[in-house]
1. Can you work out the accessible area per residue across the chain, with the rest of the protein chains kept in place, probe 1.4 Å, in square angstrom?
2. Determine one quarter of the surface area of the Cα convex hull of the stretch 131-173, which equals its mean projected area, and express it in nm² to one decimal.
3. What is the Cα coordinate range of the stretch 165-247 on the first, second and third principal axes, sorted by size from largest, in whole angstrom?
4. Under the Kirkwood approximation applied to all pairs of distinct alpha-carbon atoms, what is the hydrodynamic radius of the stretch 97-170 in Å?
5. Work out the FRET efficiency for N267 and M1 from their Cβ-Cβ distance, taking R0 = 41 Å, and round it to the nearest 0.05.
6. Please report how far the C-alpha centroid of the stretch 1-63 lies from that of the stretch 322-372, rounded to the nearest whole angstrom.
7. Set the Förster radius R0 to 41 Å, insert the Cβ-Cβ distance between K50 and K86 as r into 1/(1 + (r/R0)^6), and round the FRET efficiency to 0.05.
8. Mean shadow of the stretch 1-81, computed from the convex hull of its alpha carbons, in nm²?
Amino acid sequence: MTQFEKWNYRLTYASLFVLAAGIFTSVSFSALSHIFIIIPGFYFAIKFYKEKPFKLPRSFWFLGAMCIAIVASVLMNTDSIERPFKNISKIKYFLLPMLGVFAYFYTFKNWMTAKREKVLFNTFLLATTVATISGIIGLYSGFNPIKMKDACHATRACGLYGMYMTYGYGISLFMVLMTGIVLYKDRFTKYINVNLIYLVWAINFIGLILSYARGAWIGFLVALPFFFFKKNRKIFISVIAGVVLVSGLSFLSPKVREMFFKREGSNTQRIAFYKAAVAAFSEKPVFGFGYRNFEPNVIEIKKRHNIEWPNVDGHAHNNYLEHLASTGSVGVVVMLLFLSFWLFEAYLTSVLIFPFVISFLTSGMVQYTFGDGENLFLIMGLWALGVVGVKLRES
């Protein structure tokens with residue numbers, strides 16, 4: 001092992017540590033993970049090309065195709081995009097995790113130790129829980145003690161994010177992982193005491209509830225039965241029945257009903273965004289309006305098609321419709337192929353990641369989580385680590 005290779009292992013570990021510490025605490029800090037992974041990513045990609053230790057999964061190739069479609073959508077709309085290169089640069093959230101696959105594989109195979117894995121695991125759980133606690137304190141006191149700022153919302157928990165929706169959907173995905181860790185706790189007791197696992201789950205579950213993000217709740221609840229889908233269909237059906245029962249009983253609460261049905265126009269605004277996304281696709285069906293360029297055009301699209309809320313801008317609040325509008329039929333097809341193969345691969349290989357993907361696919365129907373930088377660090381990081389985990393078990 002050369003000294004340069006050792007430094008690449010250390011840079012990869014630093015990238016993973018930043019992700020563990022920063023996903024729920026700071027998007028700016030998390031961005032360091034991208035910087036740290038660039039050199040080892042290219043170095044180990046070359047090594048991988050020479051050695052070919054395993055066959056890359058289909059989700060990898062369709063993620064690459066999605067990046068190409070994103071670039072093409074921007075290049076076809078440079079006349080209407082103020083800063084095209086900025087839009088193109090957003091593919092870093094997908095390209096760098098692809099490079100990470102190579103770096104993570106060799107680092108875990110040749111350099112990682114149980115102690116280093118324990119540090120990453122505990123850092124992730126601790127940082128996320130501290131962020132949740134700080135957000136809950138901010139919710140009830142009006143002041144977030146870690147950010148040293150006023151709480152981001154008067155009635156909804158935000159963690160350390162500046163946007164309650166980002167926190168709500170992110171912590172929902174985290175809670176799916178934590179539920180899997182609780183269910184399969186024997187696999188994780190070498191890293192953390194089981195009582196701490198329960199404590200982390202409970203604290204962040206409170207954060208999820210207090211975020212009052214409806215789609216995040218739904219994504220979490222829909223994912224729960226799928227922990228049992230593959231191995232025990234009776235439990236799968238029982239959990240579905242339990243989720244339906246609890247959900248039904250929760251609607252007896254006036255506050256829950258108000259959250260879902262009386263949101264000062266939130267529901268009708270979302271429907272208007274959905275209509276606008278479809279209208280955008282009808283105008284530019286092949287490459288769309290350009291990646292990240294639907295939102296700047298949505299007001300004019302609404303006016304042209306006489307859609308409700310004509311003066312309210314925003315993204316499509318839906319992963320699939322956002323890609324349909326911004327990258328057209330080309331972009332949405334390759335995105336759906338990536339997601340489909342990721343789901344299928346997770347079903348075959350991981351009892352933790354399969355429900356995570358189910359939750360992501362579900363909550364993505366009512367929120368644009370696939371373009372949210374904070375959430376993409378978690379989503380794409382888990383995709384890359386999932387690919388690596390499977391190949392390490394096979395080798």
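1. Using a 1.4 Å probe on heavy atoms only, each residue of the chain averages 46 Å².
2. Working: hull surface 9.6 nm².
Computing the convex hull of the Cα atoms and averaging its projections yields 2.4 nm².
3. Ordered largest first, the stretch 165-247 gives principal extents of 35, 32, 17 Å.
4. On the way: mean 1/r = 0.0706 Å⁻¹.
So the Kirkwood estimate lands at 14.2 Å.
5. Efficiency, from the Cβ-Cβ distance: 0.10.
6. Using only Cα atoms to place each centre, the spacing works out to 22 Å.
7. The pair K50/K86 has a calculated efficiency of 0.70.
8. Working: hull surface 31.4 nm².
That works out to 7.8 nm², a quarter of the Cα hull's surface.
The values are calculated or read from the model by the stated rules, or taken from the named source; none is laboratory data. Nothing here was measured: the structure is a model prediction, and the numbers come from that model. Heads up, the Cβs are rebuilt from the backbone with ideal geometry, glycines too, and the neighbour counts pull from every protein chain shown. Note: areas computed on protein heavy atoms with side chains; ligands, DNA, RNA excluded. Shrake-Rupley method; radii C 1.70, N 1.55, O 1.52, S 1.80 Å.
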